[in-house]
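Following: one structure in structure tokens, then a few remarks.
The values are calculated or read from the model by the stated rules, or taken from the named source; none is laboratory data. Computed from a predicted model, the values in this text were never measured in an experiment. Note that each Cβ is placed from the backbone with ideal geometry, even for glycine, and that neighbours are counted across all protein chains shown. Areas reflect the complete protein model, heavy atoms only, side chains present, ligands, DNA and RNA absent. Shrake-Rupley method; radii C 1.70, N 1.55, O 1.52, S 1.80 Å.
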Amino acid sequence: QVQLVESGGGLVQPGGSLRLSCAASGSVHRIYDMGWYRQAPGKQRELVADITSGGSTNYADSVKGRFTISRDRGKNTVWLQMNSLTAEDTAVYYCTLDAVFTKYWGQGTQVAVSS
């Protein structure tokens, strides 16, 4: 089993920044692809960004140029730096880890953007 522990969510004003962190523990025997999803109230869960074990990144169009995903080289730890936040970024953010046959999810961390 793999456990994902997220941190860094909170309340921020429009235009502000937050940095989310996620660390994997448990049965992690190799470096996996990891990512961040989010789900806003009344909306479907969507991919925000992901990063492969080799460091290649992919972003949703809505966050390109504002968010940056990174990882600790050689570890299953991932961060999401979020800048220029808007109300549309308000959501629960989930960390994910792609194992061979299973996609693991964190418990989610709330991000609220409001003045």
Burial ranking of peptide ranges 54-61, 92-99 (average Cβ count within 10 Å, highest at the top): 92-99, 54-61
Residue-normalised accessible area of the chain, given per residue in Å² at a 1.4 Å probe: 53 Å²
In order through the range 73-87: 3J(HN,Hα) via Karplus (6.51 cos²θ - 1.76 cosθ + 1.60), integer Hz, x for Gly, Pro: 4, x, 10, 8, 10, 9, 10, 10, 8, 10, 10, 6, 5, 10, 4
Positive minus negative residues near Gln39 (Lys, Arg vs Asp, Glu; Cβ under 14 Å): -1
Over the chain, relative contact order from alpha-carbon pairs under 8 Å, at least 6 apart, %: 36 percent
Among Leu85, Leu11, Leu20: highest mean-square fluctuation, GNM of the chain, C-alpha pairs under 10 Å: Leu11
Note, ³J(HN,Hα) from phi for the range 88-104, Karplus 6.51, -1.76, 1.60, rounded to Hz, x at Gly and Pro: 5, 8, 5, 4, 8, 9, 10, 8, 10, 9, 9, 7, 4, 10, 9, 9, 8
Whole-percent carbon and sulfur share, accessible surface of the range 54-115, 1.4 Å: 48 percent
For Thr109, net neighbour charge (Lys/Arg +1, Asp/Glu -1) across residues whose Cβ lies under 15 Å away: +1
Alpha-carbon centroid distance for the pair the range 50-115 / the range 15-37, whole angstrom: 7 Å
Karplus (6.51, -1.76, 1.60) ³J(HN,Hα), θ = phi - 60°, over the range 48-54, in Hz, Gly and Pro reported as x: 9, 6, 9, 9, 7, 4, x
